[in-house]
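See structure below.
Values in this text are rule-based calculations from the coordinates and carry no lab data. On a predicted model such as this, the values are computed, not experimentally measured, just so you know. Neighbour counts run over all protein chains shown; Cβ positions are idealised from the backbone, glycine included.
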Amino acid sequence: MARVNHKRVKQLLNEKRSKITDKQFFTSRILAGHFEDIAAAQTRRYKYNRRVHVNLYWQPQDPNVACTNNVSILINSGNPMVTKIHGRADRYDLITGLFAHELGHVLYTDFLVTQTYLQYLGHFKWFPVPPDLKTSRDADNERAFWEFVKAEPRNMEMTQRIACFIANILEDGYVENCILNQFPGVLGFTLDAMRKHQFAEMLTVDEMIEKEMDGESHIFNSILQIMLSYAKFGEIKYGETPLSDERIQTVFKLIPEIDTAVVTSYPKERWKIVSLIMIRCWHHIEDYLEMCKKKQDEDAAPGGSSSLTEVLSKILGGVSGTSSEGSGSGTPVPGAVMIKVTAANGAARSKTRKDADQDEENGSGGAGEKSDESGDPEENENGSGNEENSSETDSDNGSGASDGVCDGLEGPGTGSSKQKTVAEEGGRIPFHQTESVSVPVGGDVEYDEDYQREHNDAAASDIERMLDRMAEKAACKQLENERLRELNEAAQSISYGDIHEGVDITVHRIAEVDEELQDQYHEIAGPLLTISRQLQRTLVQKLKDQQRGGKQTGLVMGRRLDAHALCRNDGKVFYKNNLPNEIPRISVGLLLDESGSMCCGDRSTYARAAAIILYDFCQSLNIPIMVYGHSTGWGADVDLYSYAEFDSIDKDDKYRLMDISARCSNRDGAALRFVAEQLSKRTEEVRILILVSDGQPAASGYSGTAAEEDLRGIKQEYKRKGILFVAAAIGDDKQNIERIYGDSFLDITDLNELPNKLTAVIKRYMK
């Protein structure tokens, strides 16, 4: 193929880049690979080399935005949440934020505990321990809960689904706190940007109530939405709804538990809180599930087919701002779970907590209910159920969370770490809120009112870099297709002789290398490339000495005495200087027999390994190399497979070598002439054509003496043109191959020696 015009390449790149759509960019393998590299870097910080796979897809009708199973991360770039954002950079930040959230689940979520909880619940048991019931109402709710789940199987199925959804709300709050605390850079910024977008899109309590009244939602949906808002953002969008509203009050009474759940690194503690939330909200949940059952029965009527899971998922999908529930079975990344986490939205969380405490003090909303509970004789006798006292204690500590928050940080039952610190460190200056900043000796203190969190300045450059790669990939694909057309035109222009009359020659080449070939290459390449490096090492120093001259020591006679060798007893104490010598330029063509018999004894596998080693060997030493395979179908037509060309366009030829395999028959003459013709056009002083075969030609109308004479003729013809032939025999038909190629014959009895002997051929002509 003629060299590619650089001006045309530049025009082609600009053309391809200008046509890249958002759908193409945000579903590209290049962007997914970018996220995979980020994930690999973050898992390596915990000395865990697990590869997290990222899959980007575009399905506007799919309500799911992102999810993970602890091994793969799926992101729906076509979800309206993303597509309604204008500007590629802002969409990129949002998708990166979604990725950061899901990566948080990979790093910090224990999916195995989830499975254990569901198994226990399926056997009518709590995990890890029964919830701490503080009131008689809680006890009544628990009895009603077990009666419901035991009534029929689908009740258990729905209850487990609700438990997972509540757990996911708490887990979302926890993992986002972890990411915001541990990754203040790009991941933290983009996650924060996504959170702001989600919070802005959340409904106010007024709007939730309006949807309930229109029959579009249920009060429990609203409670879940409010719970999510507080768990993730520390805030609740009240609207004009008073704090006495039942929905708000339900969440207010759960604030201490939610505060604990979003910071504790102990997943069992979070599931314990899930159990308690289900008990506290049971009268709403039961009504909610009965509605779902009724909806399923209606859909299951003639003409309908919705399953209970589909119905429940659809209804729960009305809760916005949460990710899809993961269904993995793995554990978090080791080393990433036992980190100290504080609520990243502490200021907002404290404000909402203050609202809850103030409302409780005023006795608004739910006051009568609380009075009934306080006077209940069945309430906890030791007073542990006094929630008011607990809230006051938390408020006095200034932590914005219950004692359980610190318990979760240090381990269950260890007490509050903040209280311990205060007790151990004496002499602190009391904190007093003031309206101004004092002026210390040495200068003034100024506020930076314009300070904002770090922005993702790298987003624009990342997008540009990935767009360039996508354009380059598209351009390479087009150029490869053009190359393939040129190769087939060249194949048709060659005169193959009378014996090949009427035979069609077709050149095949993979235009775009897929991920599967790359993965296959990386799986086997390690040991093979090590062999290549070893073979190079023995040659490189000799080549350097030959190019720049050197010193030959250990001579019996000469004019120069080697002072370092005077102690020798054999008289070899002289040396001489060698003059620099130019290394001849070399090009190599490798032609592989891909007949069906190559599958015997793993010959095809050895041939592929030898091709990989030889290709790397030549590439490392700047030796131009082409690699072809050939086979013939059930007819007489010849198929040529271009694995590596002299001038690689996309630099992916090493991956194309993985396609080498055993196919059908072999019509060696046509393939040999084509490769020899391409090699004869090279300008190097030494041009070597290596044929690797396991037997003599055997194709329809091409065998025996006639085929042998054809091969001898091709060898003699191109030998006159300066082509050096080497026929490596790797099968049982060595004698016939030696008879055909004569002095060009190379016996490969041990297939393990194939790489060494092929590289030795090249070494011979480089010295």
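What to note about this one:
- Local electrostatic count, Val311, Cβ distance below 14 Å [Lys/Arg +1, Asp/Glu -1]: 0
- Relative to the current alpha-carbon distance between Cys600 and Gln735, full extension at 0.36 nm per residue lengthens the span by 46.8 nm.
- Among Tyr765, Tyr266, the ranking by other beta carbons within 10 Å of each residue's beta carbon, starting with the fewest, stands as Tyr765, Tyr266.
- About the Cα centre, charge dipole magnitude for the range 23-376 (Lys/Arg +1, Asp/Glu -1 at Cβ), debye: 1840
- Distance from the range 652-681 to the range 463-489 (C-alpha centre basis), Å: 22
- Asp287-His6 FRET efficiency (beta carbon distance; Förster radius 56 Å; 0.05 resolution): 0.20
- The packing ranking of peptides 69-78, 619-628, 502-511, highest mean first, is 69-78, 619-628, 502-511, where packing means the average number of other beta carbon atoms within 10 angstrom of each residue.
- The slack in the chain from Lys294 to Gln115, taken as 0.36 nm per residue of separation less the alpha-carbon distance, amounts to 61.6 nm.
- The Cα atoms of the range 2-115 give a gyration tensor whose axes a ≥ b ≥ c have a/c of 1.5 or more with a/b no greater than b/c, which makes the shape oblate.
- FRET efficiency estimate (nearest 0.05) - Cβ-Cβ, Lys23 to Glu246, R0 30 angstrom: 0.10
- Site pair Asp647 and Cys664 shows an inter-label distance of 3.3 nm when each label is modelled 7 Å from Cα along Cα→Cβ.
- Sorting Val556, Val337, Val262 from the fewest to the most surrounding beta carbons within 10 angstrom yields Val556, Val337, Val262.
- Taking a sphere under 13 Å around the Cβ of Val726 and counting the other residues whose Cβ falls inside, with K and R at +1 and D and E at -1, yields a net charge of +3.
- Gain upon complete extension [Glu717, Arg537; 0.36 nm per residue less C-alpha separation]: 61.2 nm
- For Lys19, the lysines whose Cα comes closer than 16 Å to its Cα, not counting residues fewer than 8 places off in the same chain, are Lys10, Lys473, Lys477.
- With the simple model of a label 7 Å out from the Cα in the direction of the Cβ, Tyr48 to Thr331 spans 0.9 nm.
- Cα-Cα over 23 Å, subset of Lys293/Lys314; Lys23/Lys651; Lys134/Lys232: Lys23/Lys651; Lys134/Lys232
- Ranked by how many other beta carbons lie within 10 Å on average, peptides 669-678, 188-197, 747-756 from highest: 669-678, 188-197, 747-756
- 18 Å Cα-Cα reach of Lys721 towards lysines, excluding residues that sit fewer than 8 places from it in its own chain: Lys681
- Where labels lie 7 Å past Cα in the beta-carbon direction, separation of Asp514 and Glu489 in nm: 3.0
- With Cα atoms defining each centre, the range 168-233 and the range 696-764 are spaced 71 Å apart in the structure.
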